[in-house]
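Quick note: the coordinates plus some simple rules give every number you see, no bench work behind them. None of these values were measured; they are calculated from a predicted model. Here the Cβ positions follow ideal geometry from the backbone for every residue, glycine too, while neighbour counts run over all protein chains shown.
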Amino acid sequence: MRFSGSMTALITPFQDGRLDAAALERIVELQIAGGTSALVPCGSTGESATLTHQEHIDIVRSVVKWARGRVPVIAGTGSNSTAEAIALTKAAKDAGADAALLISPYYNKPTQEGIFQHYRTIAEQTRFPLIVYNIPGRTGSKIEATTVARLAEVDHIIGLKEATGSLDEVQEVIRLCGDSFEVYSGDDALTLPIMAVGGTGAISVVSNLMPAESAAMANAALAGDFAKARKLHYEILPVMRALFLETNPIPIKAAMSMAGHCRDELRAPLLPISDGPRARLKAVLQQHNLVAA
């Protein structure tokens, strides 16, 4: 199974501490109408760290139901515990997801061999399409390109979400892994450069808010129309940057609230965006006509 294009790392909307299912269903419809090529619930943008296991399963099952097969669903199922990641991945598979996205183990900082064995074991135990997620800024350790190349040889490991912030790293992964292993941008501002060197799409934050524009840019790049993709990239870039004024998903939650899609509610220890960044974010959204009347 292969995925490409603009795939949205869905937010998890809350209302009074509980999942706002109605808002999430509306967001799913917004994404599909905008041309998003896959939905990715329960990742870091979806505040997976503060979801209970039951909420996690319920969200994946609901997104699968609402998607109705129109687009694939790639469930976030990562953990720093291999056993827990296996359990979450099996649950996502049972819920009808098409693949799973797994962050590299965080906090306990395994060696490169430990990282390799973590993913290999999950692949063997679940026999489910897996996308590796490399984001050292959150995990405290980096998956080296040579380790990614080893993982690319493991059955059921199909791709990498790349968020090291280094184009050199991306190019080395693509050089070592070749065309059979998909590489997706995990950093919106680098999606176009990553696609220019061989990446096949993005698992995106900004596409929550701008699904049509994000899809158009990714599709233009996939078609080799980099003049069009570059034009769209620079149109969206100020919003991409504004969505990282504070830790993700704080700004995207605020932005989706300003656009009228959900409440600006997060789970502790995350707090709503502070006043200065909020004002700057709102100004950028107003310039792009993204604030609800």
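With the charge dipole of the chain set up from +1 on Lys and Arg Cβ and -1 on Asp and Glu Cβ about the Cα centre, the Cα lying farthest toward the positive end among the listed residues 269, 15, 57 is that of 15. Net charge around residue 12, counting only other residues with Cβ within less than 12 Å of its Cβ (Lys, Arg = +1; Asp, Glu = -1)? Summing Lys/Arg as +1 and Asp/Glu as -1 gives -1.
Farthest toward the positive end of the dipole of the chain, out of 164, 108, 245, is the Cα of 245, where the dipole comes from beta carbon charges about the Cα centre.
Sort 206-212, 230-236 by packing, meaning the average of other beta carbons within 10 Å per residue, with the highest value first.
206-212, 230-236
Remind me, what semi-axes does the chain give for its equivalent ellipsoid, largest first in whole Å, using sqrt of 5 times each Cα gyration tensor eigenvalue?
Details: eigenvalues 148, 101, 63 Å².
Square roots of five times the eigenvalues give 27, 23, 18 Å.
When +1 charges are put on Lys and Arg Cβ atoms and -1 charges on Asp and Glu Cβ atoms, the dipole computed for the range 5-223 relative to its Cα centre reaches about 360 debye.
Could you check how many percent of all C-alpha pairs in the range 32-79 are farther apart than 11 Å? Write out the running numbers ahead of the final one.
Numbers: 743 of 1128 pairs.
Of all Cα-Cα distances in the range 32-79, 66 percent exceed 11 Å.
Fewest-first ordering of 267, 61, 26 by other beta carbons within 10 Å of each residue's beta carbon gives 267, 26, 61. Considering only 227, 152, 97, the Gaussian network model of the chain with Cα springs below 10 Å gives its largest mean-square fluctuation to 227. Add +1 for every Lys or Arg and -1 for every Asp or Glu among the other residues with Cβ under 15 Å from the Cβ of residue 254, and state the total. Combined, the nearby Lys, Arg, Asp and Glu give +2.
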